[in-house]
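Input: a single structure, listed below in structure tokens.
The values are calculated or read from the model by the stated rules, or taken from the named source; none is laboratory data. Everything quoted here is computed from the prediction, not taken from an experiment. Glycine also receives a Cβ, built like all others from the backbone with ideal geometry; neighbour counts cover every protein chain displayed. Remember, those area values only see protein heavy atoms, side chains included, never the ligands or the DNA or RNA. Shrake-Rupley method; radii C 1.70, N 1.55, O 1.52, S 1.80 Å.
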Amino acid sequence: MGYGDTYSREPKELTKEEMSEKDSLVSCLCNDVGYNREGLENTELESKIDVSYSKWFIGRSKDRVILTLGEYLKFPEPYSRDRILESSKANHSCYAFVNGRNGNLRHAFTKIEREGRVKIKVKGETQRIRKGNIIVLKRDEKNLENLSAIEVNKYISEIGRQRDYPLEYIGSFLKQSKEAFVFNPTSGRIFVVATNICSIEKNPNQLCQLEAEYYGQINGFSSIRKVDGELIKLVGGMLRGLPRGYSGKSSELTKFDWLVRNIRKSK
């Protein structure tokens with residue numbers, strides 16, 4: 001997700017001019033006391049929902065998922081929507097290690113280009129946490145930010161030279177994203193809910209997903225529920241709170257796997 005450091009990690013002393021009644025509740029709390037990651041530093045904890053819209057539903061002129069879908073979700077008590085970010089577009093170029101014997105691909109990293117800035121995102125092995133029909137994905141994540149062209153090529157060449165399996169560029173996709181923050185005032189936890197629409201050039205298939213990702217917990221709060229348990233509860237509420245005409249199901253389909261699937265179909 002492209003939300004970055006939206007809220008203050010450390011407490012800030014703000015002047016009266018810097019304080020605003022229009023500021024979000026989470027911003028005010030984070031400015032006052034800051035937030036932490038509950039031992040989940042450099043760890044991505046998220047849940048995905050594959051979303052579709054019925055073209056037979058009367059009430060919309062287009063049979064596609066809209067980028068602002070996350071803004072129309074109904075969240076369960078006591079969750080509330082906080083700050084909504086501007087929509088964004090980013091090109092994702094995916095690299096993978098190739099097993100020469102069976103042709104299997106293992107995601108190595110993704111180069112992300114957005115608004116003239118380039119970063120490389122590296123994710124570790126995925127741990128799947130299930131409860132009923134809801135899946136949470138947990139994995140290590142590292143972001144190498146604001147890289148120059150030579151830094152990008154140096155990183156790629158070093159990975160290609162040091163690994164046992166050959167490194168290959170697999171393909172790219174364009175991701176459009178719209179993100180909103182969701183807050184639980186009882187646990188102090190902040191989550192990011194994003195609507196993501198991914199497309200591949202000259203390919204009609206799109207990936208439309210809602211993603212809910214853990215952001216952090218405001219300092220001073222505590223909860224008897226583990227973070228993954230709370231994320232599962234939130235996602236269950238999101239599935240029940242989809243607007244009319246939409247359907248969704250919990251998914252473990254990653255953007256990389258979706259890209260590979262579509263590229264192989266086109267060959």
Which residue out of Leu45, Leu29 is modelled with pLDDT of 90 or more and over 30 Å from Arg130 (Cβ atoms)? Leu29
Which of the residues that make up region 127-143 are in contact with an Asp or Glu (Cβ under 8 Å, 6 or more places away or on another chain) and within 26 Å of Lys89 (Cβ to Cβ)? Leu137, Arg139, Glu141
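Please state which one of Gly171, Gly248 is touching a strand residue (DSSP E or B) at 6+ places or on another chain (Cβ under 7 Å), outside any helix (DSSP H, G or I), open to solvent by 30 Å² or more (accessible area, probe 1.4 Å) and touching a residue at least 60 places away in the same chain (Cβ under 8 Å).
Numbers: Gly171 fails: open to solvent by 30 Å² or more (accessible area, probe 1.4 Å).
Residue meeting the stated conditions: Gly248.
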Leu253: passes all of (1) loosely packed, with under 14 Cβ neighbours inside 10 Å; (2) assigned to a helix (DSSP H, G or I); (3) touching a residue at least 24 places away in the same chain (Cβ under 8 Å) but (2)
Take the residues in region 143-164 that are open to solvent by 70 Å² or more (accessible area, probe 1.4 Å) and of a type in the set (A, V, I, L, M, F, W, C), then tell me which one is nearest to Thr110 (Cα to Cα). Ala149
Suppose the filter is under 19 Å from Val260 (Cα atoms) and of a type in the set (A, V, I, L, M); does Leu85 pass it? no
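Which residues, taken from region 174-206, are in a strand (DSSP E or B) and either more than 16 Å from the chain's Cα centre (by Cα) or surrounded by fewer than 17 Cβ atoms within 10 Å (Cβ to Cβ) (or both)?
Within region 174-206, Leu174, Gln176, Phe183, Asn184, Arg189, Ser199, Gln206 meet the criteria.
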If you check Glu213, Glu230, which single one turns out to be under 27 Å from Cys30 (Cα atoms), in a helix (DSSP H, G or I) and either open to solvent by 10 Å² or more (accessible area, probe 1.4 Å) or at pLDDT 95 or above (or both)? Glu230
For region 73-151, please list each of the strands (runs of 3 or more DSSP E) lying entirely inside it that holds at least 1 residues being small (Gly, Ala, Ser) and under 15 Å from the mean Cα position of the chain (by Cα). 88-98
All but one of (1) more than 19 Å from the chain's Cα centre (by Cα); (2) assigned to a loop (DSSP other than H, G, I, E, B); (3) modelled with pLDDT under 95 hold for Gly2; state the number of the condition that does not hold. (1)
